[in-house]
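*Asks:* The following block contains the structure, expressed as structure tokens.
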Amino acid sequence: MSMAAVETQLVGDRISKRNFDKLSRFIYDYSGIKMPPTKLTMLEGRLRRRLRATNHATFDDYCDFLFQEDGLEDETVYLIDAVTTNKTDFFREARHFEYMQQVALPALANAGIRTLRTWSSACSTGAEPYTMAMVLEEFVGGRNDLNYSILATDLSTDVLNTARLGIYSEDMVHPVPRDLMRKYVMTAKQPGRREVRISPALRARVGFARMNLMDDSYPVGDGMHIIFCRNVLIYFDKQTQALVLKRLCDRLLTGGYLFIGHSESIAGIDLPLKQVSNTVFQRV
């Protein structure tokens, strides 16, 4: 069969209800991401690249490979990469970073914290942890009595690879204030190349690692003073939200701060937190 014929077949092929149910159940069990029937077309679109990559002509063939030939052992990472949504921006939901700079960091420093441990738990392509790094670098400045660390984790290996490189389009960094742009963002030397890169010194302050928020425990080392878990809870059902939030609280030190997305809520979930600002909570 010619390549053109294969492409035509792929476009016309559909995921059967039986295989969609298998895929959605596996995706939910592994990642906590809900995959209702309304997302069938989206799933088909995202998995067509995996069919080509694994040399399978139809969704039925691909699913047989996954579930009958132990294909999940090697394919799970790529399957999850294909279905995860990774929208992110620098200084997204900017009031969080204002609160971090004006309230949270001064409070932690005044409490005697000398190494501020922070975690971006769904870091996507890196805009969030690099924004955190800018805020922390400005706060710590030249002070000899303060230091910080940033852990950035995500389920997707694709976005982590992008984040480690720290290369973005010019449009993506438009929200970064001019004074911070001058300090922390490098423009391309080649004329016409509309890309920028986070400075080496700032990239060195962020440690990236793959982590699944559905795991039973989060091996992040010592407790955290600040955790960002924004715009990922919306993909979970209430039960999964509660499990993830409780595990995050287990890693958050007393007096530490949890930031969630502006469209998210912890209402109805019993957690050792008090609300201190819009979608900002403190561990008690």
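Read-outs throughout are calculated quantities, based only on the coordinates presented, and are distinct from any laboratory measurement. Everything numeric here is computed off the predicted structure, so don't read it as measured data. Please note: Cβ atoms are built from the backbone with ideal geometry, for glycine as well, and neighbour counts cover all protein chains shown.
*Asks:* Distance in nm between label sites at Met172 and Ser265, each 7 Å beyond Cα in the beta-carbon direction?
*Replies:* 3.3
*Asks:* Right, another one. Can you give the local net charge around Ile167? Use residues other than it whose beta-carbon is closer than 12 angstrom to its beta-carbon, Lys and Arg +1, Asp and Glu -1.
*Replies:* Once all neighbours under 12 Å are counted, the net charge is +3.
*Asks:* Quick one: dipole size for region 36-87, taken about the Cα centre, charges +1 on Lys/Arg Cβ and -1 on Asp/Glu Cβ, in debye to the nearest 20.
*Replies:* Dipole size: approximately 540 debye.
*Asks:* Let me ask you something else. From Cα pairs below 8 angstrom and at least 6 apart in sequence, can you work out the relative contact order of region 94-283, rounded to a whole percent?
*Replies:* 21
*Asks:* Only helices at least 15 Å long along their own axis, judged from Cα atoms, and with Kyte-Doolittle mean hydropathy of -0.5 or greater: name those in the chain from DSSP H.
*Replies:* 72-83, 127-140, 238-250
*Asks:* Taking a cut-off of 17 Å, what percent of all Cα-Cα pairs in region 210-284 are separated by more than that?
*Replies:* Of all Cα-Cα distances in region 210-284, 38 percent exceed 17 Å.
*Asks:* Moving to a separate point now. Please compute the contact order of region 3-83 in relative form: average sequence separation of alpha-carbon pairs under 8 Å and at least six residues apart, divided by the residue count, as a percent.
*Replies:* The normalised contact order for region 3-83 reaches 34 percent.
*Asks:* Counting DSSP beta bridges with both partners in region 138-281, what percentage is antiparallel, nearest 5?
*Replies:* Expressed as a percentage, antiparallel bridges in region 138-281 total about 50.
*Asks:* Are any of the pairs Lys17/Lys246; Lys87/Lys238; Lys22/Lys238; Lys17/Lys87; Lys246/Lys274 more than 25 Å apart by Cα-Cα distance, and if so, which?
*Replies:* Violating the 25 Å Cα-Cα cut-off are Lys17/Lys246; Lys17/Lys87.
*Asks:* Tell me the Rg and the Dmax, in Å, that the Cα atoms of region 94-283 produce.
*Replies:* 16.6, 55
*Asks:* What is the extension gain from Arg197 to Lys238, computed as 0.36 nm multiplied by their sequence separation minus the C-alpha to C-alpha distance, in nm to one decimal?
*Replies:* Full extension of this stretch gives 11.0 nm more.
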